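Worksheet: the structure to be examined is printed underneath.
The values are calculated or read from the model by the stated rules, or taken from the named source; none is laboratory data. Please read all numbers here as calculations on a predicted model, not as lab measurements. Cβ placement follows ideal geometry from the backbone for every residue including glycine, while neighbour counts extend to all protein chains displayed. What goes into the accessible areas is simple: the full protein's heavy atoms, side chains included, and nothing from ligands, DNA or RNA. Shrake-Rupley method; radii C 1.70, N 1.55, O 1.52, S 1.80 Å.
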Amino acid sequence: MAILAAGAGSRAGTTVLKPLLRLRDRPLVTWALDAARTSGLWPVLLVVGHEADAVGAHAPRGVEVVVSTEWQRGIAHSLRAALGALSGRPAGQAVCIGLADQPLVGPEAYRRLAVAYDDGADLAVATYGGVRGNPVLLGRSRWGEAMRLEGDEGARVLFRRHSVVEVPCDGTGDPSDVDTLDDLRVLERRCASRTSSG
């Protein structure tokens with residue numbers, strides 16, 4: 001599976017790299033990687049691009065860092081980098097894709113997508129309240145097409161072309177993304193609320 005963390009995150013409006021913005025005193029990318037590693041799926045890749053060394057330094061032992069050299073051209077090129085790194089491994093027949101700026105996606109969402117693959121899905125997407133979110137899953141049969149994608153949409157282009165299995169992931173985590181500092185503050189409040197109610 002792969003966590004994409006290559007973009008510049010310019011909408012965040014801060015000099016801090018977006019994957020390194022801190023939620024409850026931990027970088028966003030660390031939250032995403034923890035969920036990926038806890039899922040039990042393997043290998044785990046971290047795709048970096050903008051300030052690659054700084055972001056990649058947060059990958060723990062066992063996580064493979066892959067550099068997207070064309071990250072400026074959109075998320076499709078980060079997806080290409082992940083698939084390129086996995087394509088030479090015959091054991092890998094599918095990949096789950098998560099995003100570093102969605103720190104509260106839980107490991108169970110990844111597991112449920114893996115179950116969907118085992119049940120025959122070659123394209124799958126997590127849903128929350130019936131709304132499509134992340135992570136997504138691409139079976140190897142779709143990798144060639146995904147490697148030809150361009151721009152800032154990534155795997156969702158494939159969802160418009162082919163049937164996709166929707167996998168309910170309610171209760172597994174929160175798919176909210178952090179595009180701005182206001183988004184980060186909202187997640188901080190949600191985390192604090194869960195802590196106080198728990």
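For the stretch 99-113, the condition of being among the hydroxyl-bearing types (Ser, Thr, Tyr) and over 12 Å from the mean Cα position of the chain (by Cα) holds for none of the residues.
The residue list 190, 160 contains one member that is closer than 23 Å to residue 30 by Cα and open to solvent by 80 Å² or more (accessible area, probe 1.4 Å), which is 190.
Scanning the stretch 139-159 for any residue that is of a type in the set (Phe, Trp, Tyr) and over 18 Å from residue 75 (Cβ atoms) turns up nothing.
The set of residues in the stretch 1-26 that are open to solvent by less than 10 Å² (accessible area, probe 1.4 Å) and in a strand (DSSP E or B) comprises 2, 3, 5, 23.
Within the stretch 113-120, can one find any residue that is acidic (Asp, Glu) and at pLDDT 95 or above? Yes, some residue in the stretch 113-120 is acidic (Asp, Glu) and at pLDDT 95 or above. With (1) more than 30 Å from residue 191 (Cα to Cα); (2) modelled with pLDDT under 95; (3) touching a Gly at 6+ places or on another chain (Cβ under 8 Å) as the list, and residue 75 as the residue in question, which single condition is left unmet? Every listed condition holds for residue 75 apart from (1).
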